4 protein chains.
Amino acid sequence: MTKDNWKRWGADDERGALNHIGPDQVKRAASLVTSGEVLTLAQSLSPRTPVPAHRHGIQHFMGRDGGDYAAGARRPGGFQFAEDTVVLPLHIGTHIDALCHAWYDDQLFNGFPQSATRSTSGAAHCGIDKMGPIVSRGILLDIVRLQGSLPADGAAITLDDLHRAAQVAGVKPEKGDIVLIRTGWQERIKPGVSFNEEPGINLEAGLWLAESEVAIVGADNFAVEQLPFPEGTVFPVHQRLIRDFGIPLLEGLVLRPLADALAQAGRGAFLFAAAPLPVVGGTGSPIAPIAVL
Amino acid sequence: MTKDNWKRWGADDERGALNHIGPDQVKRAASLVTSGEVLTLAQSLSPRTPVPAHRHGIQHFMGRDGGDYAAGARRPGGFQFAEDTVVLPLHIGTHIDALCHAWYDDQLFNGFPQSATRSTSGAAHCGIDKMGPIVSRGILLDIVRLQGSLPADGAAITLDDLHRAAQVAGVKPEKGDIVLIRTGWQERIKPGVSFNEEPGINLEAGLWLAESEVAIVGADNFAVEQLPFPEGTVFPVHQRLIRDFGIPLLEGLVLRPLADALAQAGRGAFLFAAAPLPVVGGTGSPIAPIAVL
Amino acid sequence: MTKDNWKRWGADDERGALNHIGPDQVKRAASLVTSGEVLTLAQSLSPRTPVPAHRHGIQHFMGRDGGDYAAGARRPGGFQFAEDTVVLPLHIGTHIDALCHAWYDDQLFNGFPQSATRSTSGAAHCGIDKMGPIVSRGILLDIVRLQGSLPADGAAITLDDLHRAAQVAGVKPEKGDIVLIRTGWQERIKPGVSFNEEPGINLEAGLWLAESEVAIVGADNFAVEQLPFPEGTVFPVHQRLIRDFGIPLLEGLVLRPLADALAQAGRGAFLFAAAPLPVVGGTGSPIAPIAVL
Amino acid sequence: MTKDNWKRWGADDERGALNHIGPDQVKRAASLVTSGEVLTLAQSLSPRTPVPAHRHGIQHFMGRDGGDYAAGARRPGGFQFAEDTVVLPLHIGTHIDALCHAWYDDQLFNGFPQSATRSTSGAAHCGIDKMGPIVSRGILLDIVRLQGSLPADGAAITLDDLHRAAQVAGVKPEKGDIVLIRTGWQERIKPGVSFNEEPGINLEAGLWLAESEVAIVGADNFAVEQLPFPEGTVFPVHQRLIRDFGIPLLEGLVLRPLADALAQAGRGAFLFAAAPLPVVGGTGSPIAPIAVL
């Protein structure tokens, strides 16, 4: 166990806790596939995808569509096609935070200076392009199931909650795991929802996962952690997990179908596979994680 | 075997050949994981990602970065962060074509009318949001290895080439497979490359794959198929495979590392996992496919 | 007087009522400059510029800024610079509608077919690029001043209102005039304002202006015309003025400073000058009109 | 005469040399209107508008168009419309540089710190939103006419050239003037043109204009000044005119029609009117300046 992963994988390392995933973790994950059921954990992306008030939503523009042919567009050799472009904020919907996304004291994970993250080039260090594909064991800690109800906005999900949810699921966070926490927030939000309040893990719970050497912590809420923050703190879980431990956070997951499938199968672990868009210097990426049972 | 998959999975089906992938295909894919090696098959995405002359490249904008803190931005509770937005054409870099991307005679796959693909809402049918996650057996047909050299621009990769490449790899395209074809194009292109010429499969080769009931056909070139087209045709493989068989095409793959790893391991098949961004009504998506050996 | 300007300036004409402005109108406008006072009639443009719920606002991205230099960016020869990009809806803030913006019965002004307005190329006819610079006499019809209060949402500004406001101002709409109508809406809206209700001219008032051969009708509201529409109609003023008379509408003007300056000077007319961004095939343009007294 | 305009109009001034334009300059400009001829000085804006290799071009997206109606879109009350959005770099085509666009020694015009120009908010000082409308006397210094041929790339336009061109035009740069310099570059460039070479004014010529108290210096090239720069310097005219004198530069003008009209009329001065898009914190704006003869 360690409290701090700087230099753990060398002075040049930009992948942090993803280094906990080695061939053994991958093979173990593959061995979990027994039913062949495949689930997506992603929200769909559209101009209606909810965003906090201070952020823009998605814009989706058709560069060519069926209407153009209805209006008489040429079709050389019979060929017709449609194409499109999105204006896509990288932290929208179901998305993963790169290690350059959050920091304090002017230094990113592993001591990289913030000054290498600029308008002109994005993040020279710890960008989403450094993350690579993620294949490992996923486990679900289902707080909704544990509590028998949807946690309220502002509620802290504590270390004890995680312990008990793990026990219910029959799993234990281990090295290289992708730990997903179901808070129920995503299942109950409505258009215009405030992104300033949500149930989420507190710092103690987050540090326990970090010290368990998990690779990624994810949740079905906006910020993984409890909002509003404990007094006197701002995004404490982001600060410690991303910047000190090099743990990417996976946010906005859709977890209810997975929860139902796991409960029905009487299991808590599955094969998790996902890969962010490798945007050079990007601070995160929308992502569509896959669970295979 | 069938020549045409319309109505094969019902009048409402929008997933086409992906229906060939069932639990058995998924389980077989998982069983292929023996070394735990994980590879990405994706190009990185940046303003330098090559695009055809008639398309725009990516724009990447930082909404907040390290420079802003260097210039004095507030850091409440010590928290600092960076975020960004991309203007992202959906057919750029390594990407997958949705079934609404290409058609002829005013009808998409399964008979959906082109008129449901509009500026205002994108594709109401066969959009990339209907595709879902993809987990199946991947096989690599390595034409570069087969020929011992990089195929020339304009060269047709024929049915015989595919047969022989499959033989070399010790595999055979089967129901639900993800078939990846290495033409070497991606490995040799330079900035400013023309997207009007490339080696690629001809229609006969494509139809053989379709009739073998594969789920997806991919390649490391721009359009899977041979460019320029055979005289009198325009994107014949797109027309037949996407629109008639419901087979998504996966383009711009990075296949050399996979080719090397498979050759070294003396194998031709692997676990393939990928999920497009579920853009509602989108005609395709950049994607970062994963191969696990 | 005429009810309908199709073919009035030839079968190829794409400028409509702007043809009413000839050298005499320009010279008369210049002769109105007596005090040399210059006013803008434009809202500022930013992510806070109000937009209807169904439209996106502006996004403003810095490609290079002072923060980048604070973070250590190179300054060859001492030179430092900042640059930026906007994602800009063309009907936002203070903007002008091109003649291709609104129509009925599948035909634009002067009989051009709607089918020439496509995703791939914008409007082949009557685009904002056909409008050119606008210099003519401006007159202000100040309904707020006339009524001594701010007209309510939904109120119709009638022909009689325009007559009386013109009388108060000591002006009369004439050939080639730019007629600006102050409803007070822009002065009182707050963030989150509904764009479904506003005071504005009714069709009779609009037709009188059209038949007076004015070149442009503008207002300080969102759509020039009364919202909600009279029962059974949808944008009747847009339909008739833009499509039948070829009169561009100028929307979202800031008119209070002009109203105050004119009232103080005891005059009703001024030099109006403005030029849209000549976006090829664009349906409108943000614009910053100038009034000179 | 002055070499440096910092603090000349107060410590808070953000408009620089535009302060040279007062009511007298405006009235004089209006008095120049004799024929009523109106000309635009702007390039059209489209994806084909030339840009330097390091910058993106325009993207133009139709949000709704005639094709959508051809494909069956509803038309409530008969109303049909088209709308669109552009991704618009603010220094493209014919555009004006805000005073925040260029600087040295970490300070903008009038001593404002570069640190107030950030990703999050654009330029807090000297942004394009501070510029306001511009109405003054325009004069054309026609180097093409003077030399009887198109100046070569890299050629310096010198103080002597400006003197002689002014003499030919029968004008003299005076306080508040908009001085436009025709180099012929815009008239001869072709798609793919390098933006690294062009004829333009040298620093001595620029300083003479600055000391003549002109309000704006414009040209029909990309950067007003000579490219490549004199050895050991980088954008010396930008550095001195924008940052020290507060003179906005107006670039990419279309000047041949104006040159022809002025030559035919035997005059050198005209009414100039233009207004940038008031993008809050923007570093410049595409602009469509108007000349009235």
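The values are calculated or read from the model by the stated rules, or taken from the named source; none is laboratory data. On a predicted model such as this, the values are computed, not experimentally measured, just so you know. Positions of Cβ are generated from backbone atoms using ideal geometry, with glycine treated the same way; all protein chains shown enter the neighbour counts. The protein model used for the area step is the full one, side chains on, heavy atoms only, and it has no ligands, DNA or RNA in it. Shrake-Rupley method; radii C 1.70, N 1.55, O 1.52, S 1.80 Å.
Summing Lys and Arg as +1 and Asp and Glu as -1 over all other residues whose Cβ lies under 14 Å from the Cβ of residue A:26 gives a net charge of 0.
Under a GNM of chain A (C-alpha, springs under 10 Å), which listed residue has the highest mean-square fluctuation: A:222, A:109, A:79? Looking only at A:222, A:109, A:79, the biggest GNM fluctuation is shown by A:79.
Along region C:286-293 the Karplus relation, 6.51 cos²θ - 1.76 cosθ + 1.60 evaluated at θ = phi - 60°, assigns HN-Hα couplings of x, 8, 10, x, 10, 10, 10, 9 Hz to successive residues, with x for each Gly and Pro.
Mean residue ellipticity, 222 nm, helices only, chain D: the sum of -39500 (n - 2.57) across DSSP H runs of n ≥ 4, divided by residue count and rounded to 500, is -4500 deg cm²/dmol. 3J(HN,Hα) along region C:226-236, derived from phi through the Karplus expression 6.51 cos²θ - 1.76 cosθ + 1.60 where θ = phi - 60°, amounts to 4, 10, x, 6, x, 3, x, 10, 9, 6, x Hz, with x in place of Gly and Pro. Taking amide H as placed 1.01 Å from N in the peptide plane, the amide H of residue B:279 sits under 5 Å from that of A:45, B:129, each at least 5 places away or on another chain. In a simple Cβ point-charge model (Lys, Arg +1; Asp, Glu -1; nothing else charged), region D:99-160 has a dipole of about 240 debye relative to its Cα centre.
Plainly put, the tip 7 Å out from Cα toward Cβ on residue B:211 is 6.5, 7.3, 8.6 nm from that tip on each other copy, the closest given first.
Summing Cβ point charges (Lys, Arg +1; Asp, Glu -1) relative to the Cα centre of chain A gives a dipole of roughly 660 debye. Rounded, prolate or oblate for region C:1-73? Axes are the square roots of the Cα gyration tensor eigenvalues, ordered a ≥ b ≥ c, and the cut-off for rounded is a/c under 1.5. Verdict is prolate for region C:1-73.
Distant-in-sequence amide contacts of residue A:122, defined by a placed amide H-H separation under 5 Å and a gap of 5 or more residues or a different chain, comprise nothing.
Net charge in the neighbourhood of residue A:229 (other residues with Cβ under 15 Å of its Cβ; Lys, Arg +1, Asp, Glu -1) is -4. What separates the residue D:53 label point from its copies, with the point 7 Å along Cα to Cβ, is 1.7, 4.7, 5.0 nm, written shortest first. Take each residue in D:93-106, count the other chain C-beta atoms within 10 Å of its C-beta, and the mean is 3.
Take residue B:191, move 7 Å from Cα toward the beta carbon, and the resulting point lies 2.1, 4.3, 4.5 nm from the same point in each other copy, nearest first.
Full extension of the segment from residue C:107 to residue C:158, taken as 0.36 nm per residue of separation minus the current Cα-Cα distance, would add 15.5 nm. Volume per residue of the convex hull around the Cα atoms, evaluated for chain D, comes out as 170 Å³. Site pair residue B:196 and residue C:34 shows an inter-label distance of 6.4 nm when each label is modelled 7 Å from Cα along Cα→Cβ. Region D:26-62 and region A:250-293 have Cα centres separated by 50 Å. Summarising the rotation from chain C to chain A, the nearest chain C beta-carbon to the axis and its distance in Å are given as C:87, 3. Over chain D, with a Gaussian network built from C-alpha contacts below 10 Å, which listed residue (D:177, D:105, D:68) shows the highest mean-square fluctuation? Answer for the Gaussian network model of chain D: D:68. At the residue level, residue A:75 shows approximately 80 square angstrom of accessible surface with a 1.4 angstrom probe and all protein chains present.
Overall form of region D:187-265: oblate. Here a/c, set by the Cα gyration tensor axes a ≥ b ≥ c, is 1.5 or more, and a/b is not larger than b/c. Inter-chain Cβ neighbour count for A:38-48, averaged per residue, equals 5 (cutoff 10 Å, partner chain atoms only). Please find, in a Gaussian network model of chain D (springs between Cα atoms separated by less than 10 Å), the residue of D:276, D:248, D:23 whose mean-square fluctuation is greatest. Top of the fluctuation ranking is D:23. Each peptide in B:90-102, A:85-97 was scored by the mean count of other Cβ atoms within 10 Å over its residues; highest first, the order is B:90-102, A:85-97. Working from label points 7 Å from Cα in the Cα-to-Cβ sense, the residue B:168 to residue B:75 distance is 5.5 nm.
Rounded to the nearest 100 Å², what is the sum over both chains of accessible area buried where A meets B, with a probe of 1.4 Å?
5900 Å²
Around the amide H of residue D:285, modelled in the peptide plane, lie the amide H atoms of D:96, D:98, all under 5 Å away and 5 or more residues distant in sequence or on another chain.
Would you mind classifying region A:75-172 by shape? Square roots of the alpha carbon gyration tensor eigenvalues, ordered a ≥ b ≥ c; an a/c under 1.5 is rounded, otherwise it is prolate if a/b is larger than b/c and oblate if not.
Working: a/c = 2.47, a/b = 1.35, b/c = 1.83.
Verdict is oblate for region A:75-172.
Each residue, residue C:11 and residue B:27, gets one label point 7 Å from its Cα in the Cβ direction; the gap between the two is 7.2 nm. Listed values for region A:266-272 are Karplus-derived 3J(HN,Hα) couplings in whole Hz (6.51 cos²θ - 1.76 cosθ + 1.60, θ = phi - 60°), namely x, 9, x, 10, 7, 7, 10, and x replaces Gly and Pro.
Within the accessible surface of chain B, defined with a 1.4 Å probe on protein heavy atoms only, the carbon and sulfur portion equals 50 percent. Roughly how many Å is it from the Cα centre of region C:123-195 to that of region D:79-149, as a whole number? Between the Cα centre of region C:123-195 and that of region D:79-149, the gap is 30 Å. Taking Lys and Arg as +1 and Asp and Glu as -1, the other residues whose beta-carbon sits under 11 Å from that of residue C:254 total 0.
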